[in-house]
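See structure below.
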Amino acid sequence: MDGESVPTAGPSGTLNGEPLPPPPPAPAQLPHSPPTDPEGWKKSRSGKRILELQQVEDSVAQLLHFAGCTLAALHPDPISTFTDKTLETDDDGAAAEGTEEADSKQFADYAEAYYTTLNDIQLNLRTSIRHLRLSRASPAPLVDPHFGSLANPGGGSVGVGGVAVGPDLELLSGETVQEKLSQFSEVGNLINSRGIVAAYPLGLEGDGGETSWQGAPYAVTGVDDIGFALDIVTEVSALLNIDSSRVYAAGKSNGGGFVNLLACNKTSAAVFAAFAPVSAALYPDTLSMTGCDPGRSIPIINSHGTADATVPYTGKTSSSTDRSEPDIQTWREAWATRNECTSKTPTSTTKPFKNATEYEWACSGATVVGVTVEGLGHSWPTTLGLDPSGSPENVASFNMTSAFILPFFEAHTL
């Protein structure tokens with residue numbers, strides 16, 4: 001490390017004062033018919049939007065290029081560099097006075113700068129990519145990759161274990177609401193002893209201004225969110241080293257209903273290894289009770305609160321047939337039947353946490369797990385009450401993701 005400096009960003013097109021290598025080719029332009037009035041087209045709403053997206057795409061491409069150059073300049077990382085470092089010694093064989101302390105400080109300073117640089121790159125990428133999530137016409141990446149392990153130098157191996165897809169409701173202090181309440185982006189989360197990548201896509205605005213996903217009666221007519229979800233997996237897999245046998249889907253409420261739809265569709269069921277709908281709004285068009293044809297047995301885990309006033313645990317009838325919802329335990333039993341269980345009675349019933357009952361159907365095809373939380377409202381179960389939707393009944397005695405979902409995903413691959 002002697003004589004080396006921490007790579008820093010300089011003027012545009014430089015790194016540590018040295019010119020960057022040539023950037024990759026610019027991303028493909030958005031398809032559109034040549035405008036008959038170029039200047040007028042640029043001032044139109046669609047023209048402005050396309051030009052804006054093209055600028056963002058160029059920025060993302062430059063950021064990715066800069067990130068690659070920075071990572072290359074930083075290799076090897078500080079931990080491996082200092083592992084075998086030998087201290088200078090004096091004539092008596094003892095460590096030279098002050099050397100150990102100086103080396104420790106040098107390591108600490110370099111490591112801090114190293115991980116700060118990585119986090120800055122990640123933040124810039126996330127900020128730019130979020131602009132793209134409002135449009136599904138763009139060929140550029142539509143996802144928000146989260147490199148959880150890089151934020152934790154001592155937290156285990158850095159790697160990618162899978163992709164969790166869930167609804168992104170809005171931004172909150174730099175992170176998405178779904179990201180915060182689901183806890184998939186928590187540092188140290190592992191599947192198969194490797195870090196995970198979590199994607200939080202944004203649903204389109206449906207009837208009444210509600211963010212929605214395919215299967216809800218208020219979703220945008222004709223929307224193909226199944227194709228959108230599969231495109232996200234393709235995009236992430238093109239950017240990162242994804243284990244294609246360990247891709248998973250999770251979501252809550254309308255997003256949970258959409259996860260059920262993904263599980264019931266032969267194409268998406270062949271891509272995702274297991275599913276985790278939480279407090280799911282299981283409208284008829286999510287194929288919750290009829291029409292479900294996954295083409296294979298489906299590992300699925302679900303949690304639901306008995307005090308859920310938005311999606312009642314005991315189901316809901318409606319004068320509008322497309323808004324009726326099934327009893328949750330009956331819906332779980334339907335999955336057990338699809339998975340070749342011979343009985344609707346759970347194989348086991350346990351109480352692993354206070355006010356929580358775990359039902360498991362160990363079917364010959366695949367396992368179904370249902371976690372019923374007494375007194376919990378329309379919330380993703382967390383001990384900190386991170387999901388305000390079910391407030392004031394939004395605090396659980398356990399964290400659903402770490403206690404149930406991640407171990408369940410760990411146990412299932414394609």
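The values are calculated or read from the model by the stated rules, or taken from the named source; none is laboratory data. On a predicted model such as this, the values are computed, not experimentally measured, just so you know. Quick reminder, even Gly has a Cβ in these numbers, built from the backbone with ideal geometry, and neighbours come from all protein chains shown. All accessible areas refer to the heavy atoms of the entire protein, side chains included, with ligands and DNA or RNA removed. Shrake-Rupley method; radii C 1.70, N 1.55, O 1.52, S 1.80 Å.
Filtered by the rule that a residue be more than 26 Å from ASP308 (Cβ to Cβ) and open to solvent by 40 Å² or more (accessible area, probe 1.4 Å), the stretch 244-270 gives SER244, LYS266, THR267, ALA270.
For the stretch 300-325, give me each residue that is touching a helix residue (DSSP H, G or I) at 6+ places or on another chain (Cβ under 8 Å) and open to solvent by less than 40 Å² (accessible area, probe 1.4 Å). The answer is ILE300, ILE301, ASN302, SER303, HIS304, GLY305, ASP308, TYR313, GLY315, SER324. Candidates are the residues of the stretch 347-362 that are touching a residue at least 24 places away in the same chain (Cβ under 8 Å) and outside any strand (DSSP E or B); the one that is least open to solvent (accessible area, probe 1.4 Å) is ASN355. For the residues GLU325, GLU340, GLU374, the requirement of being touching a residue at least 12 places away in the same chain (Cβ under 8 Å), within 29 Å of GLU186 (Cβ to Cβ) and among the acidic types (Asp, Glu) singles out GLU374. All of (1) assigned to a loop (DSSP other than H, G, I, E, B); (2) closer than 16 Å to HIS412 by Cβ; (3) of a type in the set (A, V, I, L, M, F, W, C) hold for VAL220 with one exception: (2). So for the stretch 364-377 (the condition being open to solvent by 40 Å² or more (accessible area, probe 1.4 Å), touching a strand residue (DSSP E or B) at 6+ places or on another chain (Cβ under 8 Å) and within 26 Å of LEU414 (Cβ to Cβ)), does at least one residue qualify? No, there is no match, as no residue in the stretch 364-377 is open to solvent by 40 Å² or more (accessible area, probe 1.4 Å), touching a strand residue (DSSP E or B) at 6+ places or on another chain (Cβ under 8 Å) and within 26 Å of LEU414 (Cβ to Cβ). If the condition is being under 11 Å from SER253 (Cβ atoms) and either without any contact (Cβ under 8 Å) to a residue 40 or more places away in the chain or out of contact with any Leu (no Cβ under 9 Å at 6 or more places or on another chain) (or both), then the stretch 203-218 contributes GLU210, ALA216.
Go through the stretch 386-414 and report how many residues are open to solvent by 60 Å² or more (accessible area, probe 1.4 Å) and in a helix (DSSP H, G or I).
Here the count works out to 5.
The residues listed here are ASP285, ASP293, ASP327, ASP308; of these, the one that is touching an Asp or Glu at 6+ places or on another chain (Cβ under 7 Å) and of a type in the set (Asp, Glu) is ASP285. Just one of the listed residues (GLY385, GLY365) is of a type in the set (Gly, Ala, Ser) and closer than 28 Å to ARG296 by Cβ, namely GLY365. For the criterion of being within 30 Å of VAL395 (Cβ to Cβ), surrounded by 20 or more Cβ atoms within 10 Å (Cβ to Cβ) and in contact with a helix residue (DSSP H, G or I) (Cβ under 8 Å, 6 or more places away or on another chain), ALA276 passes. Candidates are the residues of the stretch 188-204 that are open to solvent by 10 Å² or more (accessible area, probe 1.4 Å) and either more than 15 Å from PHE258 (Cα to Cα) or modelled with pLDDT of 90 or more (or both); the one that is nearest to the chain's Cα centre (by Cα) is ILE196.
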